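Below is one structure, written out as structure tokens; comments come after it.
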Amino acid sequence: MATPTILDARLSSLIDHLYAAAMDPSLWPGTATLIAEAMQSTSAVVKLHTDGGEVSLLECTGNLVVSEADRAWAEDWHRRDLWVERSVQHGMGRVITDADLVTVEEQRCSGFYQEWLRHLDIHHLLGAVFPAGPGTVAVLGIHRPADAGGYRRHERRRAAFLLPHLQRALRLRQQLQAVSLQQGQALAALDRLDTGVFMVDAALRVRFMNGAAQQLLRHNTELSVVRDRLCLSSASLQQRLLVQLQAAVNDDGSAAPLAGSVLLVPRENRAPLSVEVVPLAPGHSAPAPDQRAALVQVRDPVASVRLAQLQALFGLTPTEAAVAASLAQGVSLETMAAQMQISLDTVRTHLKRILSKTGTHRQAEAAVLLARSAGLEPFP
């Protein structure tokens, strides 16, 4: 039998662990075992029950883990958990024991006891239910076998001391998971863009870059990252970029856009890259100087256009789609003819058909429509 000093140390360590696990999901496995040990019990579970009958085991000790063959059977008993049903009736946030929930006769006759709990080798319960979101109830269950005896008043007090910490830790965990999900979705969206996006600090140190930015670095010597800093090969352009960056990181949203804020980075035998610095909104509070950041957006006009999408949108033939793609990229008719190995007159014939099918009247008008309609192929 553990002494009160050891038990208090275990409980204190468990509470510290709950908050650490809320911040770091890798620490969550094993939490149920720590709960059971702190409460001098053999098993524990933390789970969620929804109004729709779904059950999610957040953490449980090994005795609650069943084989794949018994998975459906176990899920059914979790949905029909008699202890949870009765605990909800007793009230949210109230620490209860099995003696509060069922009679000795029910223990003897109930299928929940005879089939499910006997299989798990648990008989006595100490726990509580509490809200965990719209239509969702969180469950803390701590268990012992029959021969270990029921839970007593001092153990209720220990559970009551633990419960609010578990509630806060779970709430923090859910909030951080929601933020992590949003961040993941935002990063995935950025990777679908055809524009290279670099998030940089006030010294041009790169904090993040999307897939298009990585692709641009691989295929353009005019752009590089040296010692974690974004660099342009032209010293004069680099200086202009730094000036624009300083204006952007100090922007509180009230400043007017800088004149000539888009930089054109020349490339040999190719259209120039366009580089633009965009301020990041400061949010609810102004960031510290070392946390200020801005976006550097880099566009390559020679990125490949979706040919199949152009065909589907405007009913173009494969050759017309190829001409349309080059048109959207700003390629001259003469260059198209040379690249496609067809005559200039043939290119002009395709252009007339493209104008007709897109409902445009001038080459420049068609180029803008095609680029905006099909967009640019996202980098893999």
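How large is the charge dipole for the chain, taken about the Cα centre, if only the Cβ atoms of Lys, Arg (+1) and Asp, Glu (-1) carry charge, to the nearest 20 debye?
Working: 36 positive and 37 negative charges, 164 e Å.
For the chain, the charge dipole is close to 780 debye.
May I have the extent of the alpha carbons of the chain along their three principal axes, as whole Å values ordered from largest to smallest?
Dimensions of the chain along the principal axes of its Cα atoms: 95, 49, 33 Å.
Taking all protein chains together and a probe of 1.4 Å, list LYS47, LYS352, LYS357 from the most accessible to the least accessible. Write down the numbers at each step before the final one.
On the way: LYS47 5, LYS352 150, LYS357 85 Å².
Ranked from most to least accessible, the order is LYS352, LYS357, LYS47.
Quick check for you: with a 1.4 Å probe and neighbouring chains kept, what is the accessible area per residue of the chain, in Å²?
Accessible surface, normalised per residue, equals 54 Å².
Just the accessible area for ARG71, please: 1.4 Å probe, Å², rounded to the nearest 10?
Rounded to the nearest 10, the figure is 100 Å².
Find how many whole Å separate the alpha carbon centroid of segment 304-349 from the alpha carbon centroid of segment 141-181.
66
With every protein chain left in place and a probe of 1.4 Å, what is the accessible surface of GLU334, to the nearest 10 Å²?
About 110 Å², rounded to the nearest 10.
Where does each of 22-31, 187-196, 121-130 land if you order them by average Cβ count within 10 Å, highest first?
121-130, 187-196, 22-31
State to the nearest 20 debye the size of the charge dipole of segment 59-173 about its Cα centre, where the only charges are +1 on K and R beta carbons and -1 on D and E beta carbons.
Dipole magnitude for segment 59-173 comes out near 740 debye.
Have a look at GLN244, GLN363, GLN175 and tell me which one the Gaussian network model of the chain (Cα, springs below 10 Å) gives the largest fluctuation.
Among GLN244, GLN363, GLN175, the largest GNM mean-square fluctuation belongs to GLN363.
May I ask which residue of VAL262, LEU216, LEU307 lies farthest towards the positive end of the charge dipole of the chain, with charges of +1 (Lys, Arg) and -1 (Asp, Glu) on Cβ and the Cα centre as origin?
Most positive-ward Cα: VAL262.
What order do ARG227, ARG267 take when sorted by accessible area (1.4 Å probe), most exposed first?
Correct descending sequence by accessible area is ARG227, ARG267.
Suppose every K and R has +1 on its Cβ and every D and E has -1 on its Cβ; what is the size of the dipole of segment 1-124 about the Cα centre, in Debye to the nearest 20?
Dipole magnitude for segment 1-124 comes out near 160 debye.
Going toward the positive end of the dipole of the chain, with +1 on Lys and Arg Cβ and -1 on Asp and Glu Cβ, which of LEU48, MET336, LEU193 do you reach last?
Toward the positive end, the furthest listed residue is MET336.
Pick out, in residue order, every one of the trypsin sites (Lys or Arg not before Pro) in segment 107-190 that is DSSP loop and has at most 16 other C-beta atoms within 10 Å; say none if there are none.
Qualifying residues, ordered by number: ARG152.
With the chain treated as a Gaussian network of Cα nodes joined by springs under 10 Å, which of HIS90, HIS143, HIS361 yields the largest mean-square fluctuation?
Looking only at HIS90, HIS143, HIS361, the largest GNM fluctuation is found for HIS361.
Keeping all protein chains in place and using 1.4 angstrom, which order do HIS350, HIS154 fall into by accessible surface area, from largest down?
The residues order as HIS154, HIS350, largest area first.
On the protein heavy atoms, probe 1.4 angstrom, tell me the percent of accessible surface of the chain carried by carbon and sulfur.
On the way: 11080 of 20380 Å².
Summing carbon and sulfur atoms, their accessible area is 54 percent of the total for the chain.
The values are calculated or read from the model by the stated rules, or taken from the named source; none is laboratory data. Note that the structure is predicted; figures quoted are calculated from it, not measured. Note: ideal-geometry Cβ built from the backbone for every residue, glycine included; neighbour counts use all protein chains shown. For accessibility, only protein heavy atoms count, side chains too; no ligands or nucleic acids. Shrake-Rupley method; radii C 1.70, N 1.55, O 1.52, S 1.80 Å.
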